[in-house]
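Each value in this text was obtained by applying a stated rule to the coordinates, not by laboratory testing. All of these numbers come straight from a predicted model, not from anything done at the bench. All Cβ positions, even for glycine, are placed from backbone atoms using ideal geometry, and neighbour counts span all protein chains on display.
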C-alpha cells in the first residue's frame with residue numbers, strides 16, 4: 001500500500017457532460033477521475049460537514065452549484 005501523500009494541487013473541469021477532477025501530490029504524481037454532478041454534490045456535502053459548516057450557511061461554491069440547478 002502506498003503511503004499517504006500531501007495534496008499539492010486540485011483542479012476540476014467540466015468535460016463531456018461530466019466533471020474531471022485532477023489531484024496532484026507534492027511528489028508530482030497526479031490522478032484524474034470523472035464524476036457525475038450527483039457525486040460532486042455528495043463530495044461538497046461531505047467536505048462541508050468535515051469542515052464543520054452548518055447546513056444553513058452555504059459557502060459561495062455550494063450556492064453557485066445550487067443556482068445552476070434552478
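Annotations
- Selection count where residues are over 16 Å from the mean Cα position of the chain (by Cα) and surrounded by 10 or more Cβ atoms within 10 Å (Cβ to Cβ), scope region 1-22: 1
- Restricting region 13-50 to residues that are touching a residue at least 24 places away in the same chain (Cβ under 8 Å) and in a helix (DSSP H, G or I), the residue that is farthest from residue 3 (Cα to Cα): 41
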